[in-house]
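What follows is a set of notes on a single structure, which appears directly below.
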Amino acid sequence: MSDQINSSNSEEGFNLKEILGKIINNWKLFLTCFIVFILIAFVYIRFSKQKYKINASILVEAQSNTPGGAASSMMGGGALGSLTDVSSLLGIPNNAYNEVQILLSNNLMTAVVKKLQLNVVTYRRDVISSVELYKDVPFTVDIHYKTDSLEYRKYKVEINGNNIHLTNSKDDVDINAKFGQLIRLANYDLILNKTDVPVSSYGYYISIESVEKTVESLTKDYTVDLADKLATVIDLTFKYKNSAKGEAILNELMKEYLKADLADKVQIADSTITFIDGRLALVSGQLASVESDLEKFKEKNKIANVEAQSQALIDASSEYEKQLSAVEIQLSVINDLQSILNNPNNRKVLPAIAAIQDQGFLTGIAQYNELLLERDRELMSSTEDNPYIKNIDLQLANFRSTLLKSIAVYKASLVVSRNELLSKNKAFSGQISSVPAKERIFLDYTRQQDLKQALYLFLLQQRETTAISEKSTISSSRIIDDAKSEYEPSKSLLIIFSLVCLGAGFLIPFGIVSLKEILRVKILSKSDIENISTIPIVGEINHTNESYNKVVVEKNSRTSISEQFRAMRTNLQYVLSSSKSNVIMVTSSMSGEGKSFISLNLGSAIALSGKKVIFIELDLRKPKLSTYLEIKQFGFTNYVVSDSISLDEIIQPLSFSENCSIISSGPIPPNPAELLMSSKVDDMITELKKRFDYIIIDCAPVGMISDALLIEKFADITLYILRQSYTFKKQLIIPNDLTQTGKLKKTYLVVNDITATKGGYGYGYGYGYGKYGDVTEKKSRKE
C-alpha cells in the first residue's frame, strides 16, 4: 500500500498541481515580476517609436548595349555578313539580379545620405520623449565639415525670437548665436537659417553623426528583392519612424540609381567618342597626304581626265576596294582592342564601335565595361585588397581571356576575307599594269584617296551617331511605383513584445524558483526524496512550534500531528505481523533529525490501541529519550556490564501511558559498540518479545557511526528518519546503499518536521486534519 501511495504521489508531482503550488507558495515573487513586466510592456507601447513600412518598385528593361548600330549599314553587308558569329562564345544575358545588388550597394545609400543630409537629424523635444522632424522644422541646418571622422553628438537648441542657445554638456558647448550666424564647433561649423514654421516652446535637439554610421543604420531597415524570379520587377522596402521622410529617402534612392545608370552609359559613349576622335585625326592626316600627292602628280604630269578604259578599271576595282577598306577598318579596330586587352593593367572601358557588327561580341564588351564601372564605384569606398574587388578582378580576367579568344577567331575570319579581296584586286592590278605608267600611278593615287575618304566619312558618321546616342540615352530601368508608406505602423512587434513580457513575467520567477530548487542541497519536497530514493515513505509528520511537551499523541488528543502518528501506526500494520512481537529500529543519517521524538510518539500511538510497548534507548553516545521523559539514568549499560542486575530492574514504566515502558541507556560508556555486541543484548531482546507486543529501539545515527548496524539483526523493520530543510539530499544515498547491500532490511522512510505550505505544495498537502474537540495541540519535537 505504501508503495502505491508513493507511486501515486510521484506521478502527481509532474502535473498542474505542482506548478500551481509553486506559484501560490511564491506568489509575491510571481506578482512582483508580473507587475514589473506589465509596466515594461506599457512603457514600451506608450513611448516606443514604431517604424512605417514604405514600398516602391522598379522595372529593369533589356536594351541594346551597342550605340549607333544602324550606321554600320553604310559599309555594306556582303563582306561583313559572312564573318563568323561569336555570340555563342559571349552569351551573357541581362540579369536583374545585378541591379538588385546595385540597389543594395553602400555607394548608392551614401549618395542619398549626402544628398538629403540624413546624418543631421532635428528632433522636437516633448514632455517625455522627442519626435523626429522632417519638413516641419522652424530652421534648416547648413553644415560645413572640417574632418571626415565624426562622433555622434546631440545638441540642445533653444530659440527665443531670433536668438539661438546651443548647448552640449559632453563637449562643454554653450553658445549663443543668431539665425544665419556661423557657429564654430570642433569638427564642423553650423549655420541655422530660420523658416516659417512656428517655434515650439519645448525646444529642439540636433543630432549629428558620420555619414558611414547613418548609412549602416539605414541599411538595416532597407531590403531589395525580385518580385518574381521570371520577371524583372524589383521591390524595394524601407522602414522609418517618419513616414514622409522615409518616402523621400526611398524616392531619392531610386533617382540616384537611375542617375547612376545613365552616367554609366554616358561614360561608355564618351569613351567611344574619344576613341573615334583619335582615329579621325590619324585618317584625316593620311587623307590629306594622299590628296596632296595626287594634286602634285596631276600638276607635274598635266593630267586632267583619265581615259574611259582606265575609268572602267577603276569602277570595277572600286567595289572590291570598298569591301577591302571595310575589312581593313575592322582589322584596325580589332588590333586596337587587342592591344588594350593584352595589357592587364589597362582598366579603361572599351569603346563600342558599330564597325564590329557581331552583336554577341559587342554584348561581351558591354558586360566587360559594366564590370569595370562597378569596380570603379566600389573602389570609392574600398581598397583593392577587398574580397569583392578581387572577385571583380577575377571576372575581368575571365572576360579579358574570353574576349581575346573571340578577337582571335574574329580576326582570323577578317584576314581570310581580306586575302580573298586582295586576290581579286591582284587580278585587276594585272590589267591595270597594261595602262601607261602615268595612268597607273594616277590610278594608285585615286584608289588610296577613295579608301581614306571612305574611312574618314565612316568615322565622322560614327562620331555623330554616338554623340546623338549620348544625348538621347535613357535608363534601362524605370520606376513603376513611387515610394508609398503604409497608413499606420504595424502593431505586430508591439503584440510580440507584449506577449514576451507576459511570458517573462511568468517564466522568470518560475525559473528563479526552479533554480533555487536545483541549487538547494537539503530536502524540501517529496519529489526531492523520490528523485533519489525508491525506499517507501511510511509516515509524514508536520512541523510544530511549541516545545513544552515532547509527547504529542495522548489518549484524547485530536490535533493534526497526533492524527499523523495514528496514520503512520495504520500504515505499519500492513508491513508488520500482528501475530507476534515486532521490533522496530529507528535511526537516521545524523543527529537532530527527530529519531527520539518519532520513537516516543509512535510508541504512544501504538499503546493507545491497547498494545504493550517498550522503548529501548540504545543511542549510547547521545541519549535523548531519558532526557525528554526526565527519568533516571539507570538502564541498559548497567544491565550489560553487571551480572547482578536483572532485566526487571532496568524496565521503567512511563507516566503518560500504562502500556508504555522504557529501558534507558544508562550512564554513557567508553565502549558503546562493544556493549551492543554483548550476548546479553540477544537475551534481553528475546525476553522482551515475550512480555511486549512492540519493541521500539532508538538507535544512534547510522550515517555517523555503525552502532545501529550491530543491532539491525534484531529488527523486523527499520524506520529511517528524514527532516525537511535539515537532511541533505546526498544523505539519502546512505539508506539506499545500506538497503541494496542488505545491511538494512525492510527499511521505510519517515519524513519529520514538514512545514505545511499554503496551496498544498511540499509536504503540507493532505494532512491538514485540523482540530476538533477541546484539545489544544501540543507542539514539540526537537531531538
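Scanning the range 17-32 for residues that are open to solvent by less than 60 Å² (accessible area, probe 1.4 Å), farther than 12 Å from S514 by Cβ and among the polar types (S, T, N, Q) yields one hit, N25. Can you confirm whether E328 is at pLDDT below 75 and farther than 26 Å from D261 by Cβ? In short, no. Taken together, the criteria place K611 among residues that are more than 60 Å from the chain's Cα centre (by Cα) and open to solvent by 60 Å² or more (accessible area, probe 1.4 Å). Output the residues belonging to the range 277-325 that are under 15 Å from K424 (Cβ atoms) and at pLDDT 75 or above. Passing the criteria: K322, Q323, L324, S325.
Table: residues versus (1) aromatic (F, W, Y); (2) in contact (Cβ under 8 Å) with a residue 12 or more places away in the chain; (3) not in a helix (DSSP H, G or I).
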site	(1), (2), (3)
I645	no, no, yes
D648	no, no, no
I662	no, yes, yes
E674	no, no, no
E687	no, yes, no
I705	no, yes, yes
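The residues of the range 551-564 that are surrounded by 21 or more Cβ atoms within 10 Å (Cβ to Cβ) and in a loop (DSSP other than H, G, I, E, B), listed by number, are V551, V552, V553, S557, T559. In summary, helices (runs of 4 or more DSSP H) completely within the range 1-105 and bearing 2 or more residues that are under 30 Å from K259 (Cβ atoms) and at pLDDT 70 or above occur at 96-103.
Is the range 535-550 home to any residue that is open to solvent by 10 Å² or more (accessible area, probe 1.4 Å) and in a helix (DSSP H, G or I)? Scanning the range 535-550 turns up no residue that is open to solvent by 10 Å² or more (accessible area, probe 1.4 Å) and in a helix (DSSP H, G or I). If you go through the range 372-403 and keep only what is touching a residue at least 40 places away in the same chain (Cβ under 8 Å), part of a helix (DSSP H, G or I) and surrounded by fewer than 15 Cβ atoms within 10 Å (Cβ to Cβ), you end up with just A397. Only residues that are in contact with a Ser or Thr (Cβ under 8 Å, 6 or more places away or on another chain), outside any helix (DSSP H, G or I), farther than 15 Å from L625 by Cβ and not β-branched (V, I, T) were counted in the range 565-589, giving 2.
For the range 712-725, the candidate set comprises residues that are farther than 16 Å from I537 by Cβ and not hydrophobic (A, V, I, L, M, F, W, C); within that set, the residue that is most open to solvent (accessible area, probe 1.4 Å) is K713.
Every residue in the range 124-162 that is open to solvent by less than 40 Å² (accessible area, probe 1.4 Å) and closer than 16 Å to V199 by Cα, please. The answer is S130, E132, L133, V137, P138, F139, V141, V157, I159. Pairs linking a residue in the range 718-732 that is under 9 Å from V521 (Cα atoms) and in a strand (DSSP E or B) to a residue that is open to solvent by less than 10 Å² (accessible area, probe 1.4 Å) and aliphatic (A, V, I, L, M), with Cβ atoms under 8 Å and 6 or more positions apart or on different chains, are F728/I523. Consider D293 carefully, then state whether it is of a type outside the set (A, V, I, L, M, F, W, C), surrounded by fewer than 16 Cβ atoms within 10 Å (Cβ to Cβ) and under 22 Å from D336 (Cβ atoms). Taking the combined requirement at face value, the residue does not satisfy it.
The values are calculated or read from the model by the stated rules, or taken from the named source; none is laboratory data. Everything numeric here is computed off the predicted structure, so don't read it as measured data. Quick reminder, even Gly has a Cβ in these numbers, built from the backbone with ideal geometry, and neighbours come from all protein chains shown. We work out accessible area using only protein heavy atoms, side chains counted, and drop any ligands, DNA or RNA first. Shrake-Rupley method; radii C 1.70, N 1.55, O 1.52, S 1.80 Å.
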